[in-house]
1. Taking the Cβ-Cβ separation of Glu205 and Leu141 as r and a Förster radius of 25 Å, what is the calculated FRET efficiency to the nearest 0.05?
2. Taking all protein chains as present, what is the carbon and sulfur share of the accessible area of the chain, in % to the nearest whole number, probe 1.4 Å?
3. When the Cα centres of the range 1-63 and the range 118-170 are compared, how far apart do they sit, in Å?
4. Relative contact order, percent, of the range 137-242 when contacts are C-alpha pairs under 8 Å separated by at least 6 residues?
5. Using the alpha-carbon atoms, what tilt in degrees (0 to 90, nearest 10) does helix 98-114 show relative to the longest principal axis of the chain?
6. For Thr175, what accessible surface area do you get with a 1.4 Å probe? Give it in Å², rounded to 10.
7. Please work out how much length the chain gains when fully extended from Val109 to Val222, using 0.36 nm per residue of separation minus the C-alpha to C-alpha distance, in nm with one decimal.
8. So how much slack lies between Ala86 and Ser253, counting 0.36 nm per residue of separation and subtracting their Cα-Cα distance, in nm?
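The values are calculated or read from the model by the stated rules, or taken from the named source; none is laboratory data. Nothing here was measured: the structure is a model prediction, and the numbers come from that model. Heads up, the Cβs are rebuilt from the backbone with ideal geometry, glycines too, and the neighbour counts pull from every protein chain shown. All accessible areas refer to the heavy atoms of the entire protein, side chains included, with ligands and DNA or RNA removed. Shrake-Rupley method; radii C 1.70, N 1.55, O 1.52, S 1.80 Å.
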Amino acid sequence: KGRGTETVAAAAREQGASHVVCASAGNLGQALAYSGARRGLDVTVVAARSANPVKLRQIAAFGAAVLLEGEDIEDARVFAREMTAADGAYLVEDSLDLATCEGAATMGVELIRDDPRLDVVLVALGGGSMASGIGYVMRALAGHVEVIGIQPLGAPAMALSWRQGTVVETDRIDTIADGVAGRCPIPEVLDDLLVVLDDVVLVGEDSIKAGMRALCEHAGLVVEPSAALGIAAILEDQERFAGRRVATILCGSNVA
């Protein structure tokens, strides 16, 4: 997130913007707050009232204003768009702004550089910026690598959309993995994911928690639920990944 928002913040400053707005479940908001402060930008992060309080405190600590609107991230996105249309602020939309995908893509470059013999990359799938960025790099530099997006069963909108080849919106979100919990996929992002992903897998809540626990007990790492999706996928289908070189992205450590 931080690599992409550095580019976004620089672009906003070059265009003469002084106020930048985004909707975020927390991680994008933290990154944009940090990057914006480095460039003298006023940053407002719109989050749902149900957002992770740990992430909200960190956003504020980086100097951004936090507005709580709606029940989930989709409500926050609508409010952010309306807000920027009304006051002319610079809107940053995760996954739709290519810079957010390009920032994630650098992780793919590093994975191939450090282990060119990789067989599989498991990527947490929410709005799609990380999956599309890393997937693009694998397609371009390591076509032999299987790229699999992982979503929770309680927030399956992008997985359903990918499987059907068209946007599928869901009515509700019910998952501990707040960082990937969306209901309304962006059509342009889905178009990209249809090209760069080999598969999308849904995992259960118990597996997500077991993945968090395993990372803590065996690697000494405290991760948020979204970061454990790849481990959850391995736990649920060990035979699929047995004997293969598998990488997954631990994409956050904000545990409420």
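1. With R0 = 25 Å, the Cβ-Cβ based efficiency is 0.15.
2. It is 51 percent, rounded to a whole number.
3. Answer, in whole Å: 24.
4. 28
5. With rounding to tens, the tilt is 30 degrees.
6. We get 30 Å² for Thr175.
7. 38.2 nm
8. Contour length minus Cα-Cα distance gives 56.7 nm.
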